[in-house]
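Shown next, in structure tokens, is the structure this report addresses.
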Amino acid sequence: MTDSALVGQHRLDLSRGDITNERVDAIANAANEALRGGGGVDGAVHRAAGPGLLAELRTRYPHGTPTGTAVATDAYDLPARWVLHAVGPVWRGGNNDEPNLLAAAYRSCLILADELGARSIAFPAISMGIYGYPPPDGARVAVQTVVAYLRGETRVEVVRFVLFSEETYELFAEALAEAG
Ligand code: ADP
């Protein structure tokens, strides 16, 4: 199943699946501040990339990275070229700057993609798993942030949200219809 929208010359796609299989320039990982691996997408990304990923993170980012930011590494055994490790917020009720921090996590990846020269990027539903962000709101923030970025100056051509579940896919499809 795929939904797709054009934002100017850029494409925004939705697809169901496992982000570790994506053949794009860069995949985003829903990481945590420590950048030492974890569960969910993070676990899958580290398993598929191999041990070089953790070794690079340890060497280059010994203190991790704050919520709302992202760092880039090589993608090792993954089909992508780079992994963008983005730290979304833990949901703490909604009055702790969660929407801005979630938007900042997506935006940081897009800025890194532009710096690296990545033209295609795939995102998971950051913060919408273990971190507990309410799914409809998380989908809206994700789609609106990416659409706003693609309306600005960027060389990113394709952004794809790769969603694990049917329910999450439907929420992103609704958010995309609203943002259109
Ligand atoms: P967070 O800690 O930021 O909430 P999670 O990894 O727990 O991140 O979950 C984020 C979202 O990614 C959830 O919707 C989850 O179902 C989904 N997910 C988990 N594994 C994968 C995967 N391999 N590919 C794509 N999405 C995944």
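The values are calculated or read from the model by the stated rules, or taken from the named source; none is laboratory data. The structure presented is a predicted model; accordingly, all values stated were derived computationally and were not measured. Quick reminder, even Gly has a Cβ in these numbers, built from the backbone with ideal geometry, and neighbours come from all protein chains shown. Just the protein is used for accessible areas: all its heavy atoms, side chains included, with ligands, DNA and RNA removed. Shrake-Rupley method; radii C 1.70, N 1.55, O 1.52, S 1.80 Å.
Can you tell me which residue is farthest from the ligand (Cβ to nearest atom) among those in region 151-170 that are within 15 Å of residue 26 (Cβ to Cβ) and among the aliphatic types (A, V, I, L, M)? Among those residues, the one meeting the criterion is 156. So, of the residues in region 139-180 that are charged (D, E, K, R) and closer than 14 Å to residue 4 by Cα, which turns out to be nearest to the chain's Cα centre (by Cα)? Top of the filtered list is 160.
Consider region 110-136 and keep the residues that are within 13 Å of the ligand (Cβ to nearest atom) and outside any loop (DSSP other than H, G, I, E, B). The one that is nearest to the chain's Cα centre (by Cα) is 123. Applying the set (1) within 24 Å of residue 43 (Cα to Cα); (2) part of a helix (DSSP H, G or I); (3) free of Cβ contacts under 8 Å to residues at least 24 places away in the same chain to residue 177 leaves exactly one unmet item: (1).
Identify all residues within region 4-43 that are among the polar types (S, T, N, Q), within 11 Å of the ligand (Cβ to nearest atom), open to solvent by 30 Å² or more (accessible area, probe 1.4 Å) and outside any helix (DSSP H, G or I); write none if there are none.
Here is the first cut: in region 4-43, the residues among the polar types (S, T, N, Q) are 4, 9, 15, 20-21, 29, 32.
Within this subset, residues satisfying the condition of being within 11 Å of the ligand (Cβ to nearest atom) are 15, 20-21, 29, 32.
Keeping just the survivors that are open to solvent by 30 Å² or more (accessible area, probe 1.4 Å) gives 21, 32.
Hit for region 4-43 is 32, nothing else.
So, residue 54, is that one away from the ligand (no atom under 15 Å from the Cβ) and either assigned to a helix (DSSP H, G or I) or of a type in the set (Val, Ile, Thr) (or both) or not? Can you show your working first?
Values: away from the ligand (no atom under 15 Å from the Cβ): yes; either assigned to a helix (DSSP H, G or I) or of a type in the set (Val, Ile, Thr) (or both): yes.
Yes; evaluated as a whole, the condition is true for this residue.
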